[in-house]
1. Any idea how many residues of the range 20-53 are in a helix (DSSP H, G or I) and either in contact with a strand residue (DSSP E or B) (Cβ under 7 Å, 6 or more places away or on another chain) or within 25 Å of residue 130 (Cα to Cα) (or both)?
2. So which residues in the range 63-81 are surrounded by 14 or more Cβ atoms within 10 Å (Cβ to Cβ) and either part of a helix (DSSP H, G or I) or in contact with a helix residue (DSSP H, G or I) (Cβ under 6 Å, 6 or more places away or on another chain) (or both), if there are any at all?
3. Which residue is farthest from residue 91 (Cα to Cα), if the candidates are limited to the range 20-46 and must be crowded, with 19+ Cβ neighbours inside 10 Å and more than 13 Å from the chain's Cα centre (by Cα)?
4. Taking the residues in the range 82-93 that are touching a helix residue (DSSP H, G or I) at 6+ places or on another chain (Cβ under 9 Å) and not in a loop (DSSP other than H, G, I, E, B) as candidates, determine which candidate is surrounded by the fewest Cβ atoms within 10 Å (Cβ to Cβ).
5. Would you point out the residue of the range 94-114, among those that are touching a helix residue (DSSP H, G or I) at 6+ places or on another chain (Cβ under 9 Å) and loosely packed, with under 12 Cβ neighbours inside 10 Å, that is modelled with the highest pLDDT?
């Protein structure tokens with residue numbers, strides 16, 4: 001019997017591969033595009049809020065931001081009024097890349113069916129994510145290993 005994890009991983013990988021094949025012209029990987037798109041959609045969001053909204057681990061997020069800064073797609077730093085936080089600010093090339101990638105992304109997801117079917121898929125995935133968020137984290141023992149391996 002297939003597992004939720006197996007089917008979700010398969011769907012995620014297929015969608016990611018199709019998207020990355022089409023995003024080649026922008027120079028973005030799917031996760032990089034999602035980080036930049038999220039920052040573009042809420043220009044007031046802090047970097048931590050962007051990372052959290054995509055459920056990315058710190059190291060993965062840092063690598064993505066480092067590459068985007070190196071490509072001059074984004075500036076990373078404090079906003080003018082709050083030196084304690086960090087914000088991702090798209091540059092003109094970054095904004096162009098996200099606009100192109102968004103069009104490609106929308107065309108790809110249109111193959112999933114009409115708006116009603118896309119909403120059904122989104123709501124199912126959102127419900128799954130909400131359910132997963134309620135599962136307690138693994139208990140880590142003094143040796144640094146999770147309880148299940150002790």
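The values are calculated or read from the model by the stated rules, or taken from the named source; none is laboratory data. Keep in mind that this is a model prediction, so the values were computed, not measured. Note: ideal-geometry Cβ built from the backbone for every residue, glycine included; neighbour counts use all protein chains shown.
1. First, the residues of the range 20-53 that are in a helix (DSSP H, G or I): 20-26, 30-41, 47-53.
Narrowing the set further to residues that are either in contact with a strand residue (DSSP E or B) (Cβ under 7 Å, 6 or more places away or on another chain) or within 25 Å of residue 130 (Cα to Cα) (or both) leaves 30-41, 47-53.
The number of residues fulfilling the criteria is 19.
2. Result: 63, 64, 65, 67, 68, 69, 73, 74, 76.
3. Restricting to residues being crowded, with 19+ Cβ neighbours inside 10 Å and more than 13 Å from the chain's Cα centre (by Cα), the top hit is 23.
4. 89
5. Let us first name the residues in the range 94-114 that are touching a helix residue (DSSP H, G or I) at 6+ places or on another chain (Cβ under 9 Å), namely 94-102, 104-105, 107-113.
If we keep only those that are loosely packed, with under 12 Cβ neighbours inside 10 Å too, we end up with 107, 110-111.
Numbers: 107: 89, 110: 86, 111: 85.
That would be 107.
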